[in-house]
Amino acid sequence: MNLSEKTLKYIDGLIPRYPQKRSAMLMVLHAIQEEQGFLSKDAIEWTAQKLEVVPMAVYEVVTFYPMFRQAPIGRRHVKVCRTLSCALRGAYKVCDSLQHELGCGLGQTSADGNYTVEFVECVAACGSAPVVIVDDKLHENITPEKAPDFAAKIKKETTVSLPPSRY
Ligand code: FES
């Protein structure tokens, strides 16, 4: 598996900090996902070998935690908060609208590879609910009524200057 020198060095420095190698698993997986955007079969097997566990032990962790992905995400990552304050102010309708406008299902990537829409839990901006995070930027008060225009803005930004692939 191809990992940068920097990530390899980070992982090699990380593992000895734990009493057992396997205890470093979450941090190792985060580091790989940060660099590669998702956790491939190769990455899972590499992690298992590195931590001296069977691959199934790594699969169990990867499939348990929703923050780990086993497929690449789109170039624009759209995350809709669905916790109480946002849900009460229409987050589910916002999410439906964004999926419709951006052409992808929940947790899926649009056919052009540009957009992935997902739910996330509370991002601590409840006073400005509903909130949506696009890439790493927080957008407040994205009500169901505003969602179509908001999607159009994301599309325009993507067309005008498509950010480089995140990974
Ligand atoms: S409930 Fe959405 S930010 Fe807290």
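The table for this structure:
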read-out	value
Residue within segment 3-18 that is touching a residue at least 24 places away in the same chain (Cβ under 8 Å), open to solvent by less than 80 Å² (accessible area, probe 1.4 Å) and not in a helix (DSSP H, G or I) present	yes
Only listed residue being at positive phi, in the same structural domain as residue 141 (by TED's automatic domain parsing) and either open to solvent by 80 Å² or more (accessible area, probe 1.4 Å) or within 19 Å of the chain's Cα centre (by Cα) (or both), chosen from 90, 113, 105	113
Every pair of residues 6+ apart whose Cβ atoms lie under 9 Å, when the first sits in segment 132-155 and is not assigned by TED's automatic domain parsing to the domain that holds residue 119 while the second is assigned to a helix (DSSP H, G or I) and modelled with pLDDT of 95 or more	none
Filtered residue count, segment 80-116, keeping only those that are within 16 Å of the ligand (Cβ to nearest atom), under 15 Å from residue 151 (Cβ atoms) and part of a helix (DSSP H, G or I)	5
Selection count where residues are out of contact with any Leu (no Cβ under 7 Å at 6 or more places or on another chain), in a helix (DSSP H, G or I) and open to solvent by less than 10 Å² (accessible area, probe 1.4 Å), scope segment 36-53	4
Residue in segment 54-68 that is more than 30 Å from residue 156 (Cβ to Cβ), open to solvent by 30 Å² or more (accessible area, probe 1.4 Å) and among the acidic types (Asp, Glu) present	yes
Candidates 132, 120, filtered to the one that is touching a Lys or Arg at 6+ places or on another chain (Cβ under 9 Å) and at pLDDT 95 or above	132
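The values are calculated or read from the model by the stated rules, or taken from the named source; none is laboratory data. Note that the structure is a prediction, hence the values are computed from the model and not measured. Because the Cβ atoms are built from the backbone with ideal geometry, glycine has one as well, and the counts that use them run over all protein chains shown. We work out accessible area using only protein heavy atoms, side chains counted, and drop any ligands, DNA or RNA first. Shrake-Rupley method; radii C 1.70, N 1.55, O 1.52, S 1.80 Å.
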